[in-house]
Every structure is written in structure tokens, then in C-alpha cells.
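J.: So that we are looking at the same thing, I have put the structure below in C-alpha cells.
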Amino acid sequence: MVRLVSLFRIAGLLWRAPELLRDPDGPPEGTPCGDVYSFAIVLFETLARAGPFGKTNLNPTEIVERVRHPPPVESRKCPFRPPLSQLPEPWDADYVRALLSDCWAEAPEQRPDFKAVRARLRPMRRGLKPSIVDNMLAMMETYATNLEALVDQRTDQLAQEKRRADALLYEMLPRTVADQLKRGRRVEAESFDSVTIYFSDIVGFTRLSAQSTAMEVVELLNELYTCFDAVIDHYAVYKVETHRGRLHGVGGLARHPRVAHASQVASMALHLLRRVRHFRIRHRPQERLMLRVGLHSGPVCAGVVGSKMPRYCLFGDTVNTASRMESTGTPLKIHCSESCKMLLEKAGGYILEERGLVYIKGKGDMRTYWLEGRAPGVRCRSSNGFQQCDTSAPTHDIQCTEGRHSCPDLGAPPWQGIS
């Protein structure tokens, strides 16, 4: 069985050009010059009504070896090729013999291209109806002409698919982590001295889900997550995960090391709160979503968990405390810890109100604060430069969304331009 497979493999080399037989690392798809050689072999078979090398006592292995190793140039002997003497009339004409000899030239650059081959075979078609030879020639000429354009087109398509795959991967993982995974490297866990964690949940989502059909819940979550993503894209904040109506994000990872993470997360939280107030539930238009937000700043450890479906996860007491900030908060308010409040005061421009001491499970009593909004008169960016506007005004979000001007939390990402 193995010997039979080997014979078939060797027989398949009878149409291969000599330079490709001598190059084991040559392109498996062949070359345009090699295609001309192969076409001439097929044409000989068709005209002579015989095998690739006519009627011969040589076996395929011997034929391939003779083609692969031509006689020395000084011997002035012709390379081993199919016997032109076996061509029957009228195909033994001089123009046919000359064409086949040129197509079988030992040097690839001396062979004609398919356009020239077709022109030189025109005498063969005089007085004849279109035949398989015409179709074969037309197909080979089209193939040779369009091969380069086809390769460029396929290369562009491959590049587009790669960009789509990279974009999807960068949505799932931070860019630095995704790049390491693409290179096949093991991603080591990282520790960060200070980040700001965001947690939010839709109060009453379980009840709302129970009163809705499965399709209605899917449509609601799709619209809600689309709304969240549109907001998050404007900030130096990485979305860790979403689950049902719950959103978990973080600012201060290595993606944007010079961006003030507390102010980024706080601005995003205010933006999300404004958007949720205007959010409409399609199947229950009279109800309003009640977003409850918690913020906390501190150290964390981050790393990739899993290999088949890798997930970027955060670990540490900071994550637990941020989650408690959310669960002990109030709907439509942003509950933040004292460490987050201190960073926001350092950044400036935020209105915070002390809530007092709140019992936090596992931490005891903690002094916490409400993030009420941005201070009036904070500068907003417009296409003409900076202009003054009241970020606490009720119409501020609508004005920015309509394009009258764009705030730092609604316009271009604030980390753009940072070197």
C-alpha cells in the first residue's frame, strides 16, 4: 500500500517544471513559468493521445530523475522532454513543435507567457469550431493575468479579517494582554498600586426579568449594554465584565498610565447615570431603570484566568470593597469610598457630599460619600477650542449628544494625544 501511494506521488510530478523538481522548498502552488511548462505537457498529451512523455519504456521515477538532472551544458545535449516525433498529423507542424520546445525551455525566463502561447496557437484553430484547447488556453491566460490581482485581493481580505479579529480580542482583553496572548506568551499577573473600581447594578432587575419574556430580556440587555459601551468608549476605563444588569469596570490599568483614573471612572459613572435616566424600556415604557453605582480606589492584582476562554480578572480587597459600595448604595446615586473621594478632590471639579459612617461587611464602619456631579462652569471641549458650560445643567448631556459641543466625558477620549 505504501509503495502504491509512493508511485502515485511520483507520477504526479511528471507535469512539474524541472526547476520546481529541484527545489524542495519551492512554492507548492507553483509559478507562472512552471504553469507554462505544465500546460505544454498537457497539450502534448492531448495532441499525441498518449501519456505525459508519450509511449516510453521508462517508469515515472526514471522520467522524473532525468528531468530533474539535465545533461551538462558543455555536452550540448537537449534536456529530457516528451518526444515530439510522436505527434501525429496535422499536429506535427513546425509551429507546434517550436512552441512546445519553447515552453519546455530549461530556463524559466526563456519560456513564453500564456498570452504569447495563445497567439502562437491561432493557426491550430483555423477552420475549427471552439474546442477544449481554446477553453483551456483562455482559462490559463485569464488565470495568469489575474493571479497577481487575485493574490492582492485575498491578502486584503485576510488583513480585514485579522483587523476584525484583533478588534474583538481587544474588546475582551486589555491591549497589552491581548498582544502577549497573540504572540503565544504566558501572561503574568500584575499588581497595581492604585486603581479605581466601578460596580453598578440595575435595582429590581430580577423582578423585571420575571415579568418579561426571555426575548424581551435579551433585547433589553442588548440595548442596555450597547448604551453602556457607547459611554465607556469615551473614557480610560476597561470593562471587566457584564452580567445581567451588572457592570464591572476599572480605571488605572497599564493601558493609560498617565490618566487620572479616579476622575475618569467618576466622569463615566456620572455619564452613565445621565444616560440611564433617559433610557426607555421598549416593552415596559412606563418603568425606569434604577442604576446603583459604587466606586472605590486602592491596589489590585490583575491577571488572565483560563486558556481556552481566557478572562481578565481583578483580585484583592479593593474589588470586594467596591462591590460593597454598590450594594450599600441608593438607586440613581453614586456611592464612593473615602480613598476615591480623596483622589477626586485632588483632581478637582467634582461635587461630593458626606454620607456618614456605613457598615460594610468585612470592613466594619466606613465613612462614605455621594458623588453628586461636576462643579458648574467646568470647561468643555468644542471643535473651536474650549468654551464654558454648566456640566450640572439638566440639558448638558443632551447638548453634548446633539453635537453642540463635546465634553471631556462625551467627546474624544481624554487620553488621546498623551505620549
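The values are calculated or read from the model by the stated rules, or taken from the named source; none is laboratory data. Remember, it's a predicted structure, so these values are computed and weren't measured experimentally. For neighbour counting, all protein chains shown are included, and Cβ atoms are generated from backbone atoms with ideal geometry for every residue, glycine included.
J.: Report, ordered by the first and then the second residue, all pairs with beta carbons closer than 7 Å, sequence separation of six or more or different chains, a first member in the range 230-259 that is in a strand (DSSP E or B), and a second member that is at pLDDT below 90 and of a type in the set (Gly, Ala, Ser).
T.: So the pair list comes out as Gly251/Ala236.
J.: From Ala159, Ala116, which residue is surrounded by 14 or more Cβ atoms within 10 Å (Cβ to Cβ), at pLDDT 85 or above, small (Gly, Ala, Ser) and out of contact with any helix residue (DSSP H, G or I) (no Cβ under 7 Å at 6 or more places or on another chain)?
T.: Ala116
J.: Kindly establish whether Arg355 is in the same structural domain as Val319 (by TED's automatic domain parsing), outside any loop (DSSP other than H, G, I, E, B) and modelled with pLDDT under 90.
T.: Judged against the criteria, Arg355 is not a match.
J.: Suppose we filter His278, His296 for residues that are touching a residue at least 24 places away in the same chain (Cβ under 8 Å), over 33 Å from the mean Cα position of the chain (by Cα) and surrounded by fewer than 20 Cβ atoms within 10 Å (Cβ to Cβ); which single one remains?
T.: His278
J.: Can you tell me which residue among Leu208, Leu224 is out of contact with any Lys or Arg (no Cβ under 9 Å at 6 or more places or on another chain), in the same structural domain as His248 (by TED's automatic domain parsing) and crowded, with 16+ Cβ neighbours inside 10 Å?
T.: Exactly one residue qualifies, and that residue is Leu224.
J.: Can you tell me which residues in the range 185-206 are at negative phi, in a loop (DSSP other than H, G, I, E, B) and touching a residue at least 40 places away in the same chain (Cβ under 8 Å)?
T.: Val187, Glu188, Ala189
J.: Out of all the residues in the range 112-123, which are farther than 18 Å from Glu45 by Cβ and part of a loop (DSSP other than H, G, I, E, B)?
T.: Hits for the range 112-123 are Pro112, Asp113.
J.: Do we have His248 as over 24 Å from Asn320 (Cβ atoms), buried (at least 17 other Cβ atoms within 10 Å of the Cβ) and not small (Gly, Ala, Ser) here?
T.: So His248 does not fit the description; no.
J.: Please pick out the residue among Glu89, Glu109, Glu74 that is over 22 Å from Met124 (Cβ atoms), surrounded by fewer than 17 Cβ atoms within 10 Å (Cβ to Cβ) and modelled with pLDDT under 90.
T.: Glu74
J.: Which of (1) in contact with a helix residue (DSSP H, G or I) (Cβ under 6 Å, 6 or more places away or on another chain); (2) modelled with pLDDT of 90 or more is the odd one out, the single condition Cys407 does not satisfy?
T.: Among (1) in contact with a helix residue (DSSP H, G or I) (Cβ under 6 Å, 6 or more places away or on another chain); (2) modelled with pLDDT of 90 or more, Cys407 violates only (2).
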